[in-house]
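Following: one structure in structure tokens, then a few remarks.
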Amino acid sequence: MSNAVYTVRNLNKIYHSKEKSNHVIRNLKLDIFENDSLGILGANGAGKTTLIKMMIGILASSSGTIAFCGKDNTYLTSNTYKSQIGIVLEGNRNLYWYMTILENLLYFGSLLNVKKAIVLNRTEELLNLFDLQDAKDRKVGYLSRGMQQKVAIMIALLNDPKILFLDEPTLGLDVLSKKTMIEKIKHLHAKKQLTLILTTHQIDVLEALSKRVVLLKDGCIKYDASIEQLKKFHSQDFYTIKYKNQNGENIVHLSEAEAELFLEKILKNKEQLISYIKEAPELEGIIVEMIKK
């Protein structure tokens, strides 16, 4: 097992108001390891964003600890810690829309404790990697959503981080842009040996980018293991039966026991059986059922 970069223990976050207290994160325990590709899932209000904000040091916990490479909570607010992480929040909030791509990269590069020559080299490298060399002098506000998202990730990578946080990195992208973004992120994870921490509601993105999934519900971890284990132990095969009667063609989806009884009924009624197929549920269906429970 790789070394733990994050060790989270007994973590709580409670928001207080005059009317009530909202316990958003409850006694959470989590380890994240070097080169992990971790997807954090959950319904709205499950605590995903709150957890990420505490991990990147912009929100204090009510109690508990988040240790980064063995260092305690206070380290999360230090400039040294910030220099080791890259963050892309939903909505491209790390961009200046009235500036060009190149101006954005050079400006944010100037805020880092990195020599100008290194920033310039990384800027050229990232422009080439994300295929934006020809668009570098265009203002960000006039770019497509996909191009803006590329620029946001490029800025997050300027400091050559060990950890990359991505909050809904493909939200609002068209099919082609989403496919390209997934390929770029996978390439970066493999080449740079990044630890990738992803939040998304898009199950296809989760499956493409994450080897491990953490499912939050009511501020607690309901599931923490690999996607393969999730499919293996939390799925139940079903049967799709297509048949024809006097009302025309029909399709039903049933469990194994229900399918056997239904097949007997079709044969007894002398209806036409068109197909009888055993299928495995898709990952999205598995996760939806787990959230409901």
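The values are calculated or read from the model by the stated rules, or taken from the named source; none is laboratory data. Because the structure is predicted, anything quoted here is derived from the model rather than measured. Virtual Cβ from ideal backbone geometry, glycine too; neighbours counted across all protein chains shown.
Just one of I185, I197 is surrounded by 15 or more Cβ atoms within 10 Å (Cβ to Cβ), at pLDDT 90 or above and assigned to a helix (DSSP H, G or I); which is it?
None of the others qualify; the one that does is I185.
Any residue at all in segment 257-274 that's within 38 Å of the chain's Cα centre (by Cα) and in a strand (DSSP E or B)?
No, every residue in segment 257-274 fails to be within 38 Å of the chain's Cα centre (by Cα) and in a strand (DSSP E or B).
Pairs only if they're at least six apart or on different chains, beta carbon under 9 angstrom, first in segment 223-244 and over 14 Å from R212 (Cβ atoms), second at pLDDT 75 or above and part of a loop (DSSP other than H, G, I, E, B); list them, first residue then second.
Listed by first residue and then by second, the contacts come to Q236/S255; D237/S255; F238/S255; Y239/S255; Y243/E271; K244/E271.
Here is a list of conditions, (1) at pLDDT 95 or above; (2) within 20 Å of S210 (Cβ to Cβ), and L11 meets all of them except one; can you say which number that is?
Looking at each condition in turn, L11 falls short on (2).
Among the listed residues Q133, Q148, identify the single one that is in contact with a helix residue (DSSP H, G or I) (Cβ under 9 Å, 6 or more places away or on another chain), in contact (Cβ under 8 Å) with a residue 12 or more places away in the chain, surrounded by 13 or more Cβ atoms within 10 Å (Cβ to Cβ) and of a type outside the set (A, V, I, L, M, F, W, C).
Exactly one residue qualifies, and that residue is Q148.
Would you be able to tell me the number of residues in segment 75-119 that are among the aliphatic types (A, V, I, L, M), within 24 Å of the chain's Cα centre (by Cα) and part of a loop (DSSP other than H, G, I, E, B)?
2
Filter segment 157-182 down to residues that are modelled with pLDDT of 90 or more, crowded, with 21+ Cβ neighbours inside 10 Å and part of a helix (DSSP H, G or I), then give me how many there are.
0
Of everything in segment 244-286 that's of a type in the set (G, A, S) and farther than 30 Å from Q229 by Cβ, which residue is surrounded by the fewest Cβ atoms within 10 Å (Cβ to Cβ)?
The extreme case among them is G248.
Considering only segment 60-116, state which residues are touching a residue at least 24 places away in the same chain (Cβ under 8 Å) and acidic (D, E).
Once the filter is applied, which keeps residues that are touching a residue at least 24 places away in the same chain (Cβ under 8 Å) and acidic (D, E), segment 60-116 yields only E90.
Within the group L261, L283, L216, which residue is among the aliphatic types (A, V, I, L, M) and within 30 Å of I14 (Cα to Cα)?
L216
Hey, any hits in segment 120-128 for a residue that's among the aliphatic types (A, V, I, L, M), free of Cβ contacts under 8 Å to residues at least 40 places away in the same chain, surrounded by fewer than 19 Cβ atoms within 10 Å (Cβ to Cβ) and assigned to a helix (DSSP H, G or I)?
yes
Checking G57 against (1) surrounded by fewer than 18 Cβ atoms within 10 Å (Cβ to Cβ); (2) closer than 23 Å to N159 by Cβ; (3) in contact with a Lys or Arg (Cβ under 8 Å, 6 or more places away or on another chain), which test does it fail?
Only one criterion in (1) surrounded by fewer than 18 Cβ atoms within 10 Å (Cβ to Cβ); (2) closer than 23 Å to N159 by Cβ; (3) in contact with a Lys or Arg (Cβ under 8 Å, 6 or more places away or on another chain) is unmet by G57, namely (1).
Answer yes or no as to whether G64 is in contact with a Ser or Thr (Cβ under 9 Å, 6 or more places away or on another chain), on the phi > 0 side of the Ramachandran plot and surrounded by 14 or more Cβ atoms within 10 Å (Cβ to Cβ).
no
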